[in-house]
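Asks: My questions all concern the structure below.
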Amino acid sequence: MAVLVDKNSRVIVQGFTGSEGTFHAQQMIEYGTNVVGGVTPGKGGQTHLDRPVFNTVKDAVDQAQANTSIIFVPPAFAADAIMEAADAGIKVIICITEGIPVKDMIPVKEYIKGKDCRLIGPNCPGVITPGQAKVGIMPGFVFKTGRIGIVSKSGTLTYEAADQVVKAGLGISTAIGIGGDPIIGTPTKDAVEMLMNDPETDAIIMIGEIGGSYEADAARWIKANGNKKPVVGFIAGQTAPPGRRMGHAGAIVGGHDDTAAAKMAIMRECGLHVVESPAEIGATMIEALGLKAN
Amino acid sequence: MNIHEYQAKQVLKSFGVAVQEGIVAETADEAHAAALKLKEQYGSDFVVVKAQIHAGGRGKGTIVGKEQRGVAVAKNADKAKEIAGNILGGTLVTIQTGPKGKFVSKVLVAQDVYYPGANEPKEYYMSVMLDRSQSKNIIVYSTEGGMDIEHVAEHTPELIHKETIDPKVGLQGFQARKIAFNLGLSGEAHKQMVKFVTALYTAYDSSDSAMFEINPVLKTADDKIIAVDGKVSFDDSALYRHPDYAAMRDLAEEDPTEVEAGKHNLNFVKLDGNVGCMVNGAGLAMATMDIIKLSGGEPANFLDVGGSANATTVEAGFRIILQDPNVKAILINIFGGIVRCDRVAQGVVDAYKSIGNIPVPIIVRLQGTNAEQAKKLIDESGLKVYSAIVLKEAADLVQKAVSGTI
């Protein structure tokens, strides 16, 4: 059992035949992910990367029993793609696309409410359960199997954290890239909750960024639930000037509560192991687990 | 993307939001003519001259070297000309611009809206934005208009109201009425406020905006409700469907190095520090800035080169960072996944050779795919480039570079 994706996930790629979709589908297949096909409207019936192409997600669900989707559709069409997946009964929808207009995402959040599905992203690197399934764009080799869960708004910073964990002699249970947009399907707290409830995860790394209140919400939830597993936390952007967007659409300091310092203070108060330097994530995890550095 | 007040008012007006009218002027003579025209239209000698820059606090800000505020009332056209002459071509320093201030090339000569009448004029605050915790839009409003809303939020939070818009149905009539009642309005003013709020929300929604802030919203002495100032910020991701708004971008308001970086598809933000950095990924880029600070330096920039760090992007990045004379060292931090580190390393070496003599130490931290080969490539290049694989090593090298020991 793992969180969100495992060897039983039947994955389809929306935007299968495009350049991004093709490249990453190939990478996922090489990793061993069970990619059962893809969707490109108008190309149904064709074969791509030795797998069937469907016109609709519904066809992929009916004919290939798909239950997980990864979306590489361009920003103008991505909101539609998410809703199509939700409507077709896909359980885990992972949207990689960056740059979806906020106005398009507000109705998506509304649409998927109450449906039996989980949206990860958009603007995220995806989800990986090492050794079982990589449904994302992360370099698979960095993530060795183990019992540390990762929740992160950022792509390369997730790889960095995983690398430090592995170099410290530990490994990853599941890493969830939740995305850096102002509106995302799964906020930090929900992802942390999944890992808290996962019997295969012993401890969690929670990586946030300036902007919004997701990390503070998650920290308060962790405390309210009795700090059941150690959580190492980091917030990127301690040196970011207010009012400037730092790459990610959601990474902007708007007031007093969404600075890195404010979030880190709340995380400390809630009993998280907060690191000031992103170079200390692995070492701090070793300490938090009461282990000796190797 | 931010726009000027005069542009914001054009956008608002196009959706039927009542605004304080005005005419843009680029010279003192144009300001004079504008004031005369406004007198003709509205019958008052008084006008307001407002510097057009992308920053707030203009009314309290001053033009460098002059006893001139960024927003000033003129009692007649001659006075408007004099004020415009003081402001235009000057540098306006406000609480939001920082000590460097901003160059002013346009003023808005606006009608006097604080005229006497049957009732006292009254100012309110109103903004429309995304509430990220709900993933829904909200209208924020207050009776405390015309002042710093952060201050109001801190000291009298009970005076700030929020109305959430249900995305399934949009803004409803009862919500607009509630806002008008909560602002203490009745009669004609109440009716005008309902109209104002409805038009304002339509404008926000239809223009794909990320934020509207109208401070103040004014109830005039004859019970009109108008936007006296307007701050409009568009959602960058949606600009592709609004070419007319995209054309409102004023490059003069942006840092020239940021504009140049944009041309190379580099995500760059200019900062005031002494250590430049070049990173793949926005989160890692922010984290790298934090490492620079923790190592005793100050980040000189944010630069995300994205997923395609090659010789061309690295060279463009070098050139942009090196334009800043304060930069004493450059840290390149790439976590190679899909991107191969040895290719990035070759890119760094090629870019270094192409630029020639780079006067500051370069620290390159390459981790991930082919990191060892990359380190070897750099170590054997004979260039003044220091390589690291682990982030901690890179931090130590930055510390040495800042203290001048490498």
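No value in this document is a laboratory result; all are computed from the given coordinates. None of these values were measured; they are calculated from a predicted model. Note that we place each Cβ from the backbone using ideal geometry, even for glycine, and neighbour counts take in every protein chain shown.
Asks: On a 0 to 90° scale, report how tilted helix A:75-88 is relative to the longest principal axis of chain A, with both axes built from alpha carbons and the result rounded to the nearest 10.
Replies: 80
Asks: Report the antiparallel proportion of the DSSP beta bridges in the stretch B:270-352 as a percent, rounded to a multiple of 5.
Replies: Beta bridges within the stretch B:270-352, antiparallel portion: roughly 10 percent.
Asks: To continue, here is another question. Given +1 on the Cβ of Lys and Arg, -1 on the Cβ of Asp and Glu, and no further charges, what dipole in debye does chain B carry about its Cα centre, rounded to the nearest 20?
Replies: 300
Asks: Sticking with this structure for a sec: If a/c stays under 1.5 just call it rounded; otherwise compare a/b with b/c (prolate if a/b is bigger, oblate if not). Do that for the stretch B:23-126, with a ≥ b ≥ c from the square roots of the Cα gyration tensor eigenvalues.
Replies: Oblate, since a/c reaches 1.5 and b/c is not below a/b.
Asks: Still on this structure: At what distance in angstrom do the alpha carbon centres of the stretch B:1-75 and the stretch B:199-243 lie from each other?
Replies: If we compute the Cα centre of each part, the gap is 17 Å.
Asks: Here's a follow-up. Only bridges whose two residues both fall in the protein assembly as shown count here: according to DSSP, what percent of them are antiparallel, nearest 5?
Replies: Around 50 percent of the beta bridges assigned by DSSP in the protein assembly as shown are antiparallel ones.
Asks: Here is a follow-up. With +1 on the Cβ of every Lys and Arg and -1 on the Cβ of every Asp and Glu, and nothing else charged, how large is the dipole of the protein assembly as shown about its Cα centre, in debye rounded to the nearest 20? Walk me through the numbers before you get to the answer.
Replies: Working: 69 positive and 80 negative charges, 119 e Å.
Charge dipole of the protein assembly as shown: 560 debye, to the nearest 20.
Asks: Measure nothing fancy, just the Cα-based angle from helix A:156-167's long axis to the longest principal axis of chain A, in degrees from 0 to 90, nearest 10.
Replies: Approximately 70 degrees, to the nearest ten.
Asks: Per DSSP H run of n ≥ 4, the term is -39500 (n - 2.57); total these for chain B, divide by its residue number, and report the mean residue ellipticity at 222 nm rounded to 500 deg cm²/dmol.
Replies: So the helix-based figure for chain B works out to -11000 deg cm²/dmol.
Asks: If you don't mind, another one. Report, by chain and number, residues whose modeled amide H sits under 5 Å from the one on residue B:267, excluding near sequence neighbours (fewer than 5 apart, same chain).
Replies: HN-HN under 5 Å from residue B:267: B:304.
Asks: Rounding to the nearest 10 and keeping the result within 0 to 90°, find how far the Cα-based axis of helix A:260-269 lies from the longest principal axis of chain A.
Replies: Between the helix axis and the principal axis of chain A, the angle is about 70 degrees.
Asks: Classify the stretch A:1-85: rounded, prolate or oblate, from the alpha-carbon gyration tensor (a ≥ b ≥ c, eigenvalue square roots; a/c under 1.5 rounded; otherwise prolate if a/b is larger than b/c)?
Replies: rounded
Asks: Between their Cα atoms, which of B:9/B:60; A:7/A:115; A:153/B:136; A:103/A:229 are more than 26 Å away from each other? Write out the running numbers ahead of the final one.
Replies: Details: B:9/B:60 21 Å; A:7/A:115 24 Å; A:153/B:136 20 Å; A:103/A:229 37 Å.
Beyond 26 Å: A:103/A:229.
Asks: Okay, moving on. Strictly over 32 Å apart at the Cα level, which of B:66/B:224; B:81/B:270; B:81/B:122; B:106/B:219 would you flag in this model?
Replies: B:66/B:224; B:81/B:270
Asks: Bin by bin, in steps of 5 Å, what percent of the Cα pairs in chain A do you find, going until the bin that has the longest distance?
Replies: 1, 6, 13, 17, 19, 16, 13, 8, 4, 2, 0, 0
Asks: Checking a compactness column here: for chain B, what do you get for Rg(Cα) / (2.2 N^0.38 Å), N being the number of residues?
Replies: 1.20
Asks: A follow-up question, please. Take the residue pairs A:91/B:168; A:189/B:400; B:102/B:392; A:228/B:293; A:263/B:400 and return only those whose Cα atoms are more than 28 Å apart.
Replies: Checking Cα-Cα distances, A:189/B:400; B:102/B:392; A:228/B:293; A:263/B:400 exceed 28 Å.
Asks: While we're looking at this one, here's another question. Report, ordered by chain and residue number, the aspartates and glutamates lying within cross-link reach of residue B:75, taken as a straight Cα distance under 18 Å and ignoring same-chain residues fewer than 8 apart.
Replies: Output for residue B:75: B:21, B:29, B:30, B:40, B:45, B:67, B:112.
Asks: Next question. Using Stokes-Einstein with the Kirkwood hydrodynamic radius over Cα pairs, what translational diffusion coefficient do you get for the stretch A:219-294 at 10 °C and a viscosity of 1.306 mPa s, in µm²/s rounded to a whole number?
Replies: 116
Asks: Given the DSSP H assignment, sum -39500 (n - 2.57) over each helix run of at least 4 residues in chain A and divide by its residue total; what's the result at 222 nm in deg cm²/dmol, nearest 500?
Replies: -10000 deg cm²/dmol
Asks: Where the convex hull is taken over the Cα atoms of the stretch A:175-231, what is its projected area averaged over directions, in nm²?
Replies: Across all orientations, the stretch A:175-231 yields a mean hull projection of 3.7 nm².
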